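S.K.: Could you have a look at this structure, given as structure tokens, before my questions?
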Amino acid sequence: RPRVLSGIQPTAGSFHLGNYLGAVRQWVSLQETHDAFYMVVDLHAITIPQDPAELRANTRLAAAQLLAAGLDPDRCTLFVQSHVPEHAQLAWVMNCLTGFGEASRMTQFKDKSAKQGADRASVGLFTYPILQVADILLYQANEVPVGEDQRQHIELTRDLAERFNGRFGETFTVPSAYILKETAKIYDLQDPTVKMSKSASTPKGLINLLDDPKSTAKKVRSAVTDTDTVIRFDPEAKPGVSNLLSIYSTLTGTGVGELEEKYAGKGYGALKTDLAEVMVEFVTPFRERTQGYLDDPETLDSILAKGAEKARAVAAETLAEAYARVGFLPAK
Ligand code: AQP
């Protein structure tokens, strides 16, 4: 089976709709066809300041949401990044292979550091794409299911894998990004020209899956569309409506064309009211399932412990090979 690896940050508490549709939903289907490794990336979370108690709680909460979304510990390996120390170890090696200029070109770093103020951004934030490179290469992943915003980091991963292999001999699988066109980028409901994001979106434009379903429905009903009335998928001319159609189509499995027909001659109000209902039907059981996992932290922790054990077996083997290739003297 080909292998996939991906991760999600535990920073925000609730996942938002972009995280779910852009990434997590694909993780669930890929566990059926791939040898799948998924992790809560707590090492990445501390690239911006974190309250320790909140970080711990949010790490469990992220794992609970992944299980609620449909990850099955019998079908995939689900773990917490800091439980597998090889991530930080391989990251160091990869740091030393990366050019300063090369790392400086990462647009996510530019965006995130600009938000924090360049002087306050940590060195960790600067090198986090390189930690991500290590995350992926440790598992010899063939594919990495992510949203469009991560494409540049997957390109960096490919470059560094090839560089390492070229310099030290064939060691790492060169991975590809697995990005579904329809959900590669879910947009803010209030400003459909920017991606939905926990840090950039206004509360009204951001759908958090664990929010009160009533407030979620309200946000959908007040989504920004345009002054026209025609319901047509046209991301250039009609970004708001197109975003709603993508979300609707993915959550229900109905084709966008079919939706256009269904709503022909009807106004935006009808589309939004129905999508609000679809959303409530989706988030209500999701919230309940998440709560169910949180209510039983022992089971949750033991799932994560087993996942870490499985992950470490793979990661340790890759790290040992990489260390040997680099020329580190083996410890006796
Ligand atoms: N709007 C989005 N559309 C599609 N996919 C998205 N992802 C995030 N936003 C969208 C994908 O979600 C996965 C997990 O992302 P993360 O853990 O890196 O979360 P994040 O980047 O912290 O999410 P945000 O909201 O985008 O945070 P900020 O604003 O801090 O950068 C990834 O696969 C990501 O592509």
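Every number in this text was worked out from the coordinates using simple rules, so none of it is lab data. Please read these numbers as outputs of a predicted model, since none were measured by experiment. So basically every Cβ, Gly included, is an ideal-geometry build from the backbone, and we count neighbours across all protein chains shown.
S.K.: Of the options Val133, Pro52, Phe109, report the single residue whose Cα projects farthest towards the positive end of the charge dipole of the stretch 26-136 (beta-carbon charges: Lys, Arg +1; Asp, Glu -1).
M.R.: Sorting the options by dipole projection puts first Phe109.
S.K.: With a 10 Å cut-off between alpha carbons and a GNM built on the chain, which of Leu209, Leu97, Leu66 moves the most?
M.R.: So, out of Leu209, Leu97, Leu66, the one fluctuating most is Leu97.
S.K.: Taking R0 as 45 Å, what FRET efficiency do you get between Ala200 and Ala331 from their Cβ-Cβ distance, rounded to the nearest 0.05?
M.R.: With a Förster radius of 45 Å, E is 0.50.
S.K.: On to the next question. Tell me which trypsin sites (Lys or Arg not before Pro) from the stretch 27-84 have a DSSP coil assignment and no more than 15 other beta carbons within 10 Å of their own.
M.R.: Arg75
S.K.: Also, I was wondering about something else. Please list 3J(HN,Hα) in residue order for the stretch 322-329, calculated via the Karplus relation 6.51 cos²θ - 1.76 cosθ + 1.60 where θ = phi - 60°; whole Hz, with x for glycine and proline.
M.R.: Once θ is set to phi - 60°, the couplings for the stretch 322-329 become 5, 4, 4, 4, 5, x, 5, 5 Hz.
S.K.: Follow-up question, since we're still on this one. On a full-extension model of 0.36 nm per residue, what is the gain between Ala316 and Glu277, subtracting their alpha-carbon distance, rounded to one decimal in nm?
M.R.: Using 0.36 nm per residue and subtracting the Cα-Cα distance, I get 9.4 nm.
S.K.: Using only the alpha-carbon atoms, how far is helix 52-69 inclined from the longest principal axis of the chain? Give it as 0 to 90 degrees, nearest 10.
M.R.: The two axes meet at around 60 degrees.
S.K.: In addition: At most 13 other Cβ atoms within 10 Å and a DSSP loop assignment: could you name the trypsin sites (Lys or Arg not before Pro) in the stretch 199-305 that fit?
M.R.: Loop-located and lightly packed - Lys266.
S.K.: Right, something else. Quick one: grab Rg to one decimal and Dmax as a whole number for the stretch 232-332, Cα atoms only, in Å.
M.R.: That works out to 24.1, 75 Å for Rg and Dmax.
S.K.: Calculated from DSSP H runs of 4 or more alone, at -39500 (n - 2.57) each and per residue, what is the 222 nm mean residue ellipticity of the chain, nearest 500?
M.R.: Helix-only estimate at 222 nm: -16500 deg cm²/dmol.
S.K.: List the residues of the stretch 66-86 whose backbone N lies under 18 Å from a point placed 7 Å from the Cα of Ile46 along the Cα-to-Cβ direction.
M.R.: Those under the cut-off are 80-86.
S.K.: So which of Lys218/Lys272; Lys110/Lys238; Lys181/Lys238; Lys195/Lys219 end up more than 19 Å apart by C-alpha?
M.R.: As for pairs spanning more than 19 Å Cα to Cα, those are Lys110/Lys238.
S.K.: Can you give me the angle between helix 86-95 and the longest principal axis of the chain, using Cα atoms only, in degrees from 0 to 90, rounded to the nearest 10?
M.R.: Between the helix axis and the principal axis of the chain, the angle is about 80 degrees.
S.K.: Which order do the peptides 325-332, 111-118 take when ranked by the mean count of other beta-carbon atoms within 10 Å per residue, highest first?
M.R.: 111-118, 325-332
S.K.: Next question, about the same structure. Working only with C-alpha atoms, what are the Rg and Dmax values of the chain, expressed in angstrom?
M.R.: 20.7, 75
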